[in-house]
Structures are given as C-alpha cells and as structure tokens.
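Take a look at the structure set out below.
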Amino acid sequence: MVAIPVTRSISIDSDELQESATRSGGAGGQHVNTTDSAVILRFDVGNSPNLPLAVKNRLAILAGSRLTRDGVLVLRSEGTRSQLLNRQEVRERLIALIQEATIVPKKRRPTKPTRASQTRRVEGKVKRSTVKNLRGKVRD
C-alpha cells in the first residue's frame, strides 16, 4: 500500500486503483495484436475514504461520461507502445483531475450595468441603425 500524493492534504492509496492492460485499438502490423500496451485505470470515487465529499461531488461533475453509474471513474491510455508509460500517463491524468476538483469555484456575484454604459450601448445601437437605414434605396 503506497500513498500517491495528490495535494498537500489529499493522498490516494495505490490499493484504491485497479489497473488492467488491454490491446490497443487502431491499425497495426506484425506484433501489434500480441502486446497488451493500453492501460485502463478504475478508481472508485464514491467509496474512496481519502477524498472529502465536496471534492467527490466536483470530481463527479468533471469526470462526466468517464464516471460509471456505480461511481467508478474509468480512464484509458493507449498513447504509447509502452505499458509502463501508459500506466504513468493514466495515473498523472487521474491526479490532475482530482487536483482540478479540489479547486473551489468562486461564486458569481450578479452585477448591474451602470447607467452610463446602458446609455452608450443604446447610442451605439441607434447609430448603427441609422447607418444601415442609409444603405437602403434612395427615395425622392
């Protein structure tokens, strides 16, 4: 059980990750169908004891379709021919996703436009309208 550091306060046990190797898709030649170089990583977000509830919720939103109905995050990497490099890449992507989920978004404070900006906007629209009207047919 090795702890994988994500942030200063959050780390994940390597026991929580399930990695499996499969064959990469796409075109190939000789030897390509015999090596299992693609890596699929599964991480159970809902049952992870190391993630706070708020981070789990934001992670579920960020994961989107990569999250199963059971709350398992599935990441796949088949970018390189090396299984080791694919395993490192998929772990880095998981860590980056969790780090992004730890950032608390700022609440938007609704603001009203100033009266001067509203006036400028309307004046600009009127000016543009007159320019477009002058492009029409010339009337006597």
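The values are calculated or read from the model by the stated rules, or taken from the named source; none is laboratory data. Quantities reported herein were computed from a predicted structural model and do not represent experimental measurements. Here the Cβ positions follow ideal geometry from the backbone for every residue, glycine too, while neighbour counts run over all protein chains shown. Quick note on the areas: whole protein, heavy atoms, side chains included, nothing else; ligands and nucleic acids left out. Shrake-Rupley method; radii C 1.70, N 1.55, O 1.52, S 1.80 Å.
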**Asked** Any chance segment 26-43 includes a residue that's modelled with pLDDT of 85 or more and closer than 29 Å to residue 106 by Cα?
**Response** yes
**Prompt:** In segment 93-128, what count of residues is obtained for those that are modelled with pLDDT under 95, of a type outside the set (Asp, Glu) and assigned to a helix (DSSP H, G or I)?
**Reply:** 9
**Prompt:** Which of the residues that make up segment 55-92 are open to solvent by 90 Å² or more (accessible area, probe 1.4 Å) and assigned to a loop (DSSP other than H, G, I, E, B)?
**Reply:** 69, 70, 81
**Message:** Six or more apart or on different chains, Cβ atoms under 7 Å: show the pairs whose first residue is in segment 6-21 and free of Cβ contacts under 8 Å to residues at least 40 places away in the same chain and of a type outside the set (D, E, K, R) and whose second is assigned to a loop (DSSP other than H, G, I, E, B) and surrounded by fewer than 11 Cβ atoms within 10 Å (Cβ to Cβ).
**Reply:** 14/1; 14/2
**Request:** Could you tell me whether segment 1-11 includes any residue that is in a helix (DSSP H, G or I) and either modelled with pLDDT under 85 or of a type in the set (A, V, I, L, M, F, W, C) (or both)?
**Result:** no
